[in-house]
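The values are calculated or read from the model by the stated rules, or taken from the named source; none is laboratory data. Computed from a predicted model, the values in this text were never measured in an experiment. All Cβ positions, even for glycine, are placed from backbone atoms using ideal geometry, and neighbour counts span all protein chains on display. All accessible areas refer to the heavy atoms of the entire protein, side chains included, with ligands and DNA or RNA removed. Shrake-Rupley method; radii C 1.70, N 1.55, O 1.52, S 1.80 Å.
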Amino acid sequence: MAEEVLIDTNGRCTRHLTLSLLAVALLSSFGSSLLYGYNLAVVNSPAEYIKDFYNQTIVRRYGSGVDEEHLTLLYSIIVSIFAIGGLVGSLTVGMQVTRFGRKGTLIRSTVLVFVGGALMGFSRLCQSPEMIIIGRFITGIHSGISLSVVPMYLGEIAPKNLRGFLGLVPSIFICLGVFIAQILGLHEILGKEDHWPLFLSLVVVPTFIQLMLLPWFPESPRYLMIEKRNIHATIKALKCYRAKCDIQAEMEEMEEEQRTMTSVETVSVLQLFKDLSVRWQLITIIVVNAGMQLSGIDAIWFYTNAIFENAGISAHQIQYLTAGTGAIEVIAGLIGCFTIERVGRRLLMISGFSFMGICCAGITVSLLLQTYVSFMRYISVACVVGIIAGFCIGPAGVPFLMTGELFKQSHRPSAYIVGGSLNWISNFTVGFVFPFLQMSAGAFCYLVFCVVCVGVAVYVYFIIPETKNKTFVEISQMFASRNGCEIENQPLTIADHLSLKKLNGYGTVVPADVEK
């Protein structure tokens, strides 16, 4: 029976979305990516309550409070410490995925969420604002790990014709996490002063569900085959994730990738920077990952209420407008997910960043003119919605997908370290600097984001090839001429086919098959 699984008579079997593939994509994204989006937006609604908690604690400890500027600084620390934790987590990704595997890393990292959620949930009871900061830092470490590992895991278990679709599932859950935080943050639900500790600690719920169910699914077949050389486990994983006729072709493709690698050992970040054969791939992930965060989307997510307030929207309307933007995020993410395999990665990136740049310029113009033209405040709201929609339809998920697609197995973990680190450094920079930039530059602060968005769109248009429906080896070959090197690409030999038959038959060689 095992032999029958590996034989593909015509080599052109259609790779369908199996139930196990979909389940793993939903579980890994629900327990990890959703938390990233939730933590981005969860501090927006209770901002004033958290500031009051800070002030009351300082008065109780030192006898006097602090001014609004110092409270803004303390609140900015709560917002941005999440990104510092994310940076720390992203730096550990290479070591963890090599040692524990992709699925194993996700499962082990769940303990961080339970610790961080408990600290934030009991912070007011313990009268300790420091517990919020530490809890946000620890949950940031988890998000730093999962933000790289989830797309890496899904990219490796997905067949090439579904890699884009499954690769954008995490971005949908990021948008869904933001939306859930905005809905729960409504005054009628958890937006009251008594409920904000519970609001912050709800991150433990999806993680618990993931911890209960994800261990029942196999590890990444590519990890098992190329790094662990465990053929039997690879076959078992592929039988779970694929239709029977797909397995032979994928085993051969993994063998081909393994032969193009000079070593099956994972390269370090330093070796990645020194390797001229991946020079343009490395430049690309630096540009798209830094550009994704410096596009201003985090400023929109962190400070949505403040932006609407500056636009002249009444306090009563702001919470509902904010929740409405979350619904648009989810819809835009779904559009991107279901169109990426038709239109490709390039079009989603170029159109998304370009539209965001136009909307950033629109916010600047509308804020400058709203004193003279009353309806300009609604233009500001429309531009905020446009930035969010443009981001979620492409730039929200494609950079993570692209980081996995542009590199082979040996380089992929270090590539995610570089991309993830830049992502979190940029996230921290925007989250910490934006309120002060807004105070000093006013409406013109959005022009900085406009320049970044347009610049990334231009880079994608001129430099990045389309990777839709390509194998990892084929993508490496597309960059080979630009990098000034050639990728070895040899067909499978009779010995390679023989080794597959031996392993598939658990040590039994079928002479007739060899002769064929």
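From ILE313, ILE328, which residue is of a type in the set (A, V, I, L, M, F, W, C) and part of a helix (DSSP H, G or I)?
Among ILE313, ILE328, only ILE328 is of a type in the set (A, V, I, L, M, F, W, C) and part of a helix (DSSP H, G or I).
Go through segment 66-118 and give me each residue that's open to solvent by 10 Å² or more (accessible area, probe 1.4 Å) and not in a helix (DSSP H, G or I).
Result: VAL66, ASP67, THR92.
Scan segment 255-270 and tell me whether some residue there is of a type in the set (Val, Ile, Thr), at pLDDT 85 or above and open to solvent by 20 Å² or more (accessible area, probe 1.4 Å).
Looking through segment 255-270, at least one residue is of a type in the set (Val, Ile, Thr), at pLDDT 85 or above and open to solvent by 20 Å² or more (accessible area, probe 1.4 Å).
If you go through segment 439-454, how many residues are open to solvent by 40 Å² or more (accessible area, probe 1.4 Å) and out of contact with any Gly (no Cβ under 7 Å at 6 or more places or on another chain)?
Here the count works out to 6.
Within segment 208-247, can you find the residues that are farther than 20 Å from LEU19 by Cβ and surrounded by fewer than 22 Cβ atoms within 10 Å (Cβ to Cβ)?
Scanning segment 208-247 gives PHE208, LEU211, ILE226, GLU227, LYS228, ARG229, ASN230, ILE231, HIS232, ALA233.
Scan THR105, THR57, THR98 and give me the residue that is more than 15 Å from LEU200 (Cα to Cα), more than 21 Å from the chain's Cα centre (by Cα) and among the polar types (S, T, N, Q).
Answer to the check: THR57.
Of these, ILE297, ILE285, ILE318, ILE307, which one is within 17 Å of the chain's Cα centre (by Cα) and at pLDDT below 90?
The unique qualifying residue is ILE297.
Only one of (1) outside any helix (DSSP H, G or I); (2) of a type outside the set (Val, Ile, Thr); (3) free of Cβ contacts under 8 Å to residues at least 12 places away in the same chain is not met by MET439, so which one is it?
In the conditions (1) outside any helix (DSSP H, G or I); (2) of a type outside the set (Val, Ile, Thr); (3) free of Cβ contacts under 8 Å to residues at least 12 places away in the same chain, MET439 misses (1) alone.
Evaluate segment 130-138: report whether one residue or more is over 23 Å from MET349 (Cα atoms), of a type in the set (D, E, K, R) and in a helix (DSSP H, G or I).
Yes, the conditions are met somewhere in segment 130-138.
At least 2 residues that are in contact (Cβ under 8 Å) with a residue 60 or more places away in the chain, open to solvent by 30 Å² or more (accessible area, probe 1.4 Å) and farther than 19 Å from ILE285 by Cβ in each: list the helices (runs of 4 or more DSSP H) lying fully within segment 340-432 that qualify.
In segment 340-432, 345-369, 376-392 are the helices (runs of 4 or more DSSP H) which contain 2 or more residues that are in contact (Cβ under 8 Å) with a residue 60 or more places away in the chain, open to solvent by 30 Å² or more (accessible area, probe 1.4 Å) and farther than 19 Å from ILE285 by Cβ.
In segment 43-62, how many residues are open to solvent by less than 60 Å² (accessible area, probe 1.4 Å), touching a residue at least 24 places away in the same chain (Cβ under 8 Å) and assigned to a helix (DSSP H, G or I)?
7
Could you please find all residues in segment 188-207 being within 22 Å of the chain's Cα centre (by Cα) and either open to solvent by less than 60 Å² (accessible area, probe 1.4 Å) or in contact (Cβ under 8 Å) with a residue 60 or more places away in the chain (or both)?
Answer for segment 188-207, where residues must be within 22 Å of the chain's Cα centre (by Cα) and either open to solvent by less than 60 Å² (accessible area, probe 1.4 Å) or in contact (Cβ under 8 Å) with a residue 60 or more places away in the chain (or both): LEU200, SER201, LEU202, VAL203, VAL204, PRO206, THR207.
Tell me the residue from GLY312, GLY344 that is of a type outside the set (Lys, Arg), on the phi > 0 side of the Ramachandran plot and more than 22 Å from the chain's Cα centre (by Cα), please.
GLY312
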